[in-house]
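Following: one structure in structure tokens, then a few remarks.
The values are calculated or read from the model by the stated rules, or taken from the named source; none is laboratory data. Everything numeric in this text was worked out from a predicted model, so none of it was measured. Glycine gets a Cβ as well: all are built from the backbone with ideal geometry, and neighbour counts include every protein chain shown.
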Amino acid sequence: MLPGTQVRYETAGHRDLPKIAMTQPTTLIRTNLHDMLVAGIREMVIVGVLRPGDKISEQALCQRFGVSRTPLREALKVLASEGMLQLLPRRGAIVANVSPEEIDELFPVMAALEALAGELVCKHASDEDLARLGAIHDHMMSAHAVEDEPTYLQANRSFHETLVSAAGNATLTASYMQILTRTRAFRFVARKSPENWQAAVRDHHAIMGALKVRNAARLSRLLRRHVMGVTVKIARDAIAEAADEKAFVEAGALPKSA
């Protein structure tokens, strides 16, 4: 559920606004509205409602969140500064694509951060943290068994983010999340080929095995290999598929303009 429901009610212009809304400073309401918009649009990209290359419809988002174009455009600028959106002259905003060159740049850093997180988790995570990761892993495997890819992708995202968080290092978590913002759509939204999916499942079984016995060196090595192996392959396949779809659409449009 998207955050900010209460804020939308406060700014919707109803005559029967609660007294608390009338007594809140205007700056606070604007801040809450701004945060709600940024978080809401970001989540739409993360879960795949908005996919790489999609053009952002300001009218549709204004209707969805019940806001005017001014706060919406401020939120789009923030997401563009994060690298999640691109602002194009005379075309508006689109969901950012990741190029093959950016994969070469971003994924080795992500692999290094996850490898470090693996070491720290084995040393510092509580038994409750490991139990939580085990439960998420089991949920992923159950989804894979019935070929429920959307549930698997969501659980996969939760597993990696929970693991990094359980490392207990705020700087590591912030760095990881910054890079993940750029790559989530290709890592946790893009559909996997059967071969890639099976390879990812094998990796996760090995990762969970090392995690259960707190083998820091092995877990670190497995996480690095997982990111630089099947994860990079999935991202590259997603980029190639998006390029093929774009070429097909452009080729189909050519006769119309001839």
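Selection of helices (runs of 4 or more DSSP H) fully inside the stretch 140-258 by the criterion of at least 1 residues being in the same structural domain as S126 (by TED's automatic domain parsing) and at pLDDT 95 or above returns 149-166, 170-184, 194-212, 216-226. For E105, indicate whether it is of a type in the set (D, E), in the same structural domain as I56 (by TED's automatic domain parsing) and in a helix (DSSP H, G or I). Spelling it out, it is not the case that E105 is of a type in the set (D, E), in the same structural domain as I56 (by TED's automatic domain parsing) and in a helix (DSSP H, G or I).
Given the criteria without any contact (Cβ under 8 Å) to a residue 60 or more places away in the chain and over 30 Å from S220 (Cβ atoms), does I56 qualify? Can you show your working first?
On the way: without any contact (Cβ under 8 Å) to a residue 60 or more places away in the chain: yes; over 30 Å from S220 (Cβ atoms): yes.
For I56, the condition - without any contact (Cβ under 8 Å) to a residue 60 or more places away in the chain and over 30 Å from S220 (Cβ atoms) - is met.
Pairs linking a residue in the stretch 198-220 that is closer than 17 Å to H124 by Cβ and in contact (Cβ under 8 Å) with a residue 40 or more places away in the chain to a residue that is part of a helix (DSSP H, G or I) and acidic (D, E), with Cβ atoms under 7 Å and 6 or more positions apart or on different chains, are A216/E119; S220/E119.
Just to be sure I understand, how many residues within the stretch 44-57 are of a type outside the set (A, V, I, L, M, F, W, C), part of a loop (DSSP other than H, G, I, E, B) and in contact with a Gly (Cβ under 9 Å, 6 or more places away or on another chain)? Let's see the steps before the verdict.
Residues of the stretch 44-57 of a type outside the set (A, V, I, L, M, F, W, C): 48, 51-55, 57.
Now restrict to residues that are part of a loop (DSSP other than H, G, I, E, B): 48, 51-54, 57.
Filter again for in contact with a Gly (Cβ under 9 Å, 6 or more places away or on another chain), leaving 57.
Residues meeting the conditions: 1.
Taken residue by residue, the stretch 134-142 has at least one member that is without any contact (Cβ under 8 Å) to a residue 40 or more places away in the chain, within 22 Å of G48 (Cα to Cα) and β-branched (V, I, T).
Could you say which residue among V45, V49 is in contact with a strand residue (DSSP E or B) (Cβ under 8 Å, 6 or more places away or on another chain), closer than 27 Å to E161 by Cα and at pLDDT below 90? Give the derivation first.
Numbers: V49 fails: in contact with a strand residue (DSSP E or B) (Cβ under 8 Å, 6 or more places away or on another chain).
Matching residue, one of V45, V49: V45.
Just one of the listed residues (P52, P108) is under 19 Å from M177 (Cβ atoms) and in contact with a Phe, Trp or Tyr (Cβ under 9 Å, 6 or more places away or on another chain), and it is P52.
Within the group A75, A93, A60, A112, which residue is crowded, with 19+ Cβ neighbours inside 10 Å and assigned to a helix (DSSP H, G or I)? Walk me through how you get there before you give the answer.
On the way: A93 fails: assigned to a helix (DSSP H, G or I); A60 fails: crowded, with 19+ Cβ neighbours inside 10 Å; A112 fails: crowded, with 19+ Cβ neighbours inside 10 Å.
Exactly one of A75, A93, A60, A112 is crowded, with 19+ Cβ neighbours inside 10 Å and assigned to a helix (DSSP H, G or I), namely A75.
Considering the stretch 85-110, the residues that are closer than 27 Å to L172 by Cβ, of a type outside the set (D, E, K, R) and more than 17 Å from the chain's Cα centre (by Cα) include one that is modelled with the lowest pLDDT, namely P100.
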